[in-house]
C-alpha cells in the first residue's frame, strides 16, 4: 500500500475529489501542525483492509513485548524501558494504521519516537490525554536508546523516576485503551 502521496488532487486515490482533499486537509489543525513541526509530508488518511490487518498485528506484537516488570529481572529497569518503548510504539501504531496512516510513512516520520506517535494518535481521535503516559512517552523517545548497546555508550540516561510497576500499569492502561479504540480483542493468554 502506498498512499503516501501528499494531499493533492493529482495524487489522490481513485474516487477522491479535490473537495474531499480540501476538507481532509482542513479537518484537523492539530494534525496539520504536527506535520509542519516534524517536517512530515501530509497524507490522506484512508482506512483499508490492509491497514486494519496490520493494526491487529501491531496490537498482538505490543502484547508480546509487554515487559517483565520484575525488578530483579535480567537487565533491570533499562530493559523494562526498552521493552516498554517497543510495546508503546506497537500499541500506538496499531491505532495509526487503523485510521489510515501508511506503514512506510510511519516508519519514515514517526520511527522510534513514542511521544510523536502518541501525538499523532491523539490528533486522529485516539483521545488518550494521560499526563503520566505522555511523560513516559518522552522518557522512552527514541526507545532504541534503552537497548544494551546504546546504554554502553550512554549509561546515564534519565529514566524519569519511573518504577517497573508504574510502567506496567501505564502500559496496561494504554493497551486497554487501544483495544477500546481499535476494537481489537486482547489475545487469549
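Some notes on this structure:
- Most tightly packed first, judged by the mean number of other beta-carbon atoms within 10 Å of their residues, the peptides 90-102, 39-51, 174-186 read 90-102, 174-186, 39-51.
- As a proxy for reagent exposure, ranking 86, 170 by other Cβ atoms within 10 Å from fewest up yields 170, 86.
- Rounded FRET efficiency, nearest 0.05, which uses the C-beta distance separating residue 57 from residue 166 and R0 of 30 Å: 0.60
- Residue 48/residue 134 FRET efficiency (R0 25 Å; Cβ-Cβ; nearest 0.05): 0.30
- Along its first, second and third principal axes, ordered by size, region 48-182 spans 42, 27, 25 Å in Cα coordinates.
Laboratory data are not the source of any read-out in this text; all were calculated from the coordinates shown. Keep in mind it's a predicted model, so treat the numbers as computed, not measured. Methodologically, a virtual Cβ is constructed for each residue, glycine included, from the backbone with ideal geometry; neighbour enumeration extends over all protein chains shown.
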